[in-house]
Amino acid sequence: MKSQSEKRIMQATALDTEMIIKDARAALPSSTRRRFTQRALTLGGLSLLSGCELTEQESVNKMLSAISRMNDKVQAALFDPNKLAPTYPASMITRPFPFNAFYGEDEVPQVDGEAYRLAIAGLVRDKRAWSLSELQRLPQTEQITRHICVEGWSAIGRWGGVPFAGFLRMIGADLSAQFVSFRCSDDYYTSIDMPTALHPQTQLTLSYDGEVLPPKYGFPMKLRMPTKLGYKNPKHIVAIEITNTYPGGYWEDQGYNWFGGA
């Protein structure tokens, strides 16, 4: 019997493959598209990536890893850092917005907002820590966008906070670095590519639906990215690092696709 983690990995792989089939062929250059079609659009073609027997667990894992690595490259090639995700009217907000985490709602961390400090590390000029009140005084924007979960559901929410691109520029982050990683008070961690970090809708979220961000949605701060699947949107963020060393992620290190585009 498959574990919950195994089921989620299979769901993530299925979504990734569906997205590749739908989008990649039309968007890639013709020569790349031909190679992609030959290797990726049939189960037999996928098996050629590793030369594996699909009945062997180790071979299947190698195949899925190869698919995921290829998928990261394809998604990165397709990603348009200037294309906005759809936005919605307030009448379409999902109420109540669902809770989702790798633990139950009764285990949501209770972070002391007065004592909170956001740590900054890596390839950045200004490494001073930020208090919650300092973050709240920065210019804020709002978005009503759709959260898409790898488990197959979606919900529309209203998020307010600091545009991440502006924050990175303000602290002197190296915008040519490959990765931005996040550590959270609930031991979650993940990382994203720099083009996504600089996307105009990527947001350090401090409020939900006009109110201070509730603990179940990530207080004191989460990262909101409508261009990424839900597991790439970390909650309860306590540290941000700019790096060229691959940081991985909680689910990514268990087999989820790293790019995680929605």
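Quick notes on this structure:
- For the stretch 102-150, the set of residues classified as surrounded by 15 or more Cβ atoms within 10 Å (Cβ to Cβ) and either among the β-branched types (Val, Ile, Thr) or at pLDDT below 95 (or both) consists of Val108, Val111, Ile120, Val124, Ile144, Thr145, Ile148, Val150, listed by residue number.
- Qualifying residue in the stretch 179-192 (condition: within 13 Å of the chain's Cα centre (by Cα), closer than 29 Å to Glu114 by Cβ, small (Gly, Ala, Ser) and crowded, with 21+ Cβ neighbours inside 10 Å): yes
- Some residue of the stretch 45-52 being modelled with pLDDT of 55 or more and more than 22 Å from the chain's Cα centre (by Cα): no
- For the stretch 167-200, the tally of residues that are among the small types (Gly, Ala, Ser) and touching a Leu at 6+ places or on another chain (Cβ under 8 Å) stands at 3.
- Residues that are touching a residue at least 40 places away in the same chain (Cβ under 8 Å), out of contact with any Lys or Arg (no Cβ under 8 Å at 6 or more places or on another chain) and not in a strand (DSSP E or B) within the stretch 139-169 comprise Gln140, Cys149, Gly152, Trp153, Phe164, Leu168, listed in sequence order.
- Residue ID - nearest to Pro81 (Cα to Cα), chosen from residues in the stretch 191-237 that are of a type in the set (Lys, Arg) and free of Cβ contacts under 8 Å to residues at least 60 places away in the same chain: Lys228
The values are calculated or read from the model by the stated rules, or taken from the named source; none is laboratory data. Predicted model only: the values in this text are computed from it and were never measured. Neighbour counts run over all protein chains shown; Cβ positions are idealised from the backbone, glycine included.
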